[in-house]
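One structure is given here, and the rest of the page talks about it.
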Amino acid sequence: DTGVSQDPRHKITKRGQNVTFRCDPISEHNRLYWYRQTLGQGPEFLTYFQNEAQLEKSRLLSDRFSAERPKGSFSTLEIQRTEQGDSAMYLCASSLVTDTEAFFGQGTRLTVV
Amino acid sequence: GQQLNQSPQSMFIQEGEDVSMNCTSSSIFNTWLWYKQEPGEGPVLLIALYKAGELTSNGRLTAQFGITRKDSFLNISASIPSDVGIYFCAGQLGGNQFYFGTGTSLTVIP
């Protein structure tokens, strides 16, 4: 296992389109986090899962955003009706429940034109 | 949400110099993490701290968990060009989300 994997690395989409990102966490990591990062800022929390349960969602996660982790392994983050303000780096991280070290993937860079 | 402030915001240093940066919070945390991020990449974990007063090293990096649980410090000794990047602190309380700082941008001049 080489770490947290995110796909795609880059996505350019037209405003109003839907996009979906995938995150594969480190094997045996029960916790999975999604963060968003805009240029010059630190990562901002979106949501996290413990196994397949979504335990916390940020107010940043509007109704257009939905995240799933159906089998407690990989996760998807979908953005519907994208807006230019959604342009950002979307980061996924995973950790063991009992170990709070969180390891990040390389991120998905979204550009909405 | 929690506010984590990092200082300095940016640093320009000569290769070989030591670096110090810190992170302060308005709230206490149980865990402090330090990450380094390079352009277009995700943050890479450098050091994790779990106990107030804890001092932990990772090679040339040393970090401390402040006694008040509201701050943390990161030192880099004998900087090299590959230390260039943005350094973020992150705090966690109660095993939930991590709150990130505003970042310290480090430039090392050869």
Shielding by partners, peptide A:63-71 (average Cβ within 10 angstrom, other chains): 0
Cβ charges +1 (Lys, Arg) and -1 (Asp, Glu), total dipole of chain A, debye: 540 debye
Cleavage-rule hits, GluC sites (Glu not before Pro), the stretch A:27-111, DSSP coil, Cβ neighbours within 10 Å at most 10: A:Glu28
Estimated vicinal HN-Hα couplings, Hz - the stretch A:57-66 in sequence order (Karplus 6.51, -1.76, 1.60; Gly, Pro = x): 10, 7, 5, 5, 7, 6, 4, 7, 9, 9
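For chain A, what is the relative contact order in percent, using Cα pairs closer than 8 Å and at least 6 residues apart in sequence?
Values: 289 pairs, mean separation 41.7, N = 113.
Contact order relative to length: 37 percent.
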Most mobile of B:Glu41, B:Glu15, B:Glu54 in a GNM of chain B (Cα contacts under 10 Å): B:Glu41
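So for chain B, averaging the separation of alpha carbon pairs under 8 Å that are six or more residues apart and normalising by length, what relative contact order in percent results?
Working: 287 pairs, mean separation 40.0, N = 110.
Computed value for chain B: 36 percent relative contact order.
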Residues whose placed amide H lies under 5 Å from that of A:Thr111, excluding near-sequence neighbours: A:Lys11, A:Ile12, A:Thr13
With eigenvalues of the C-alpha gyration tensor scaled by 5 and rooted, chain B, Å: 23, 14, 12
With 5 Å bins from 0: P(r) over the protein assembly as shown, alpha-carbon pairs, percent: 1, 7, 15, 19, 19, 16, 12, 7, 3, 1, 0
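Which whole number gives the average count of other chain Cβ atoms within 10 Å of the Cβ atoms across peptide B:30-41? Before the final figure, lay out the partial values.
Values: counts 1, 3, 0, 3, 0, 6, 0, 7, 0, 0, 6, 7.
The mean count of partner-chain Cβ atoms within 10 Å per residue comes to 3.
Could you line up A:Asp86, B:Asp18 from fewest to most neighbouring Cβ atoms inside 10 Å?
Numbers: A:Asp86 19, B:Asp18 12.
Result, fewest neighbours first: B:Asp18, A:Asp86.
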Mean Cβ count within 10 Å, highest first, over the residues of peptides B:89-95, A:89-95: A:89-95, B:89-95
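Averaged over its residues, how many other protein chain Cβ atoms are within 10 Å of peptide B:100-110's Cβ atoms?
On the way: counts 7, 2, 3, 5, 0, 1, 0, 0, 0, 0, 0.
Mean number of neighbouring Cβ atoms from other chains: 2.
All of the numbers you see were taken from the coordinates with simple rules; none came from a lab. Since this is a predicted model, take the numbers as computed values, not measurements. Backbone-built Cβ (ideal geometry, glycine too); neighbour counts: all protein chains shown.
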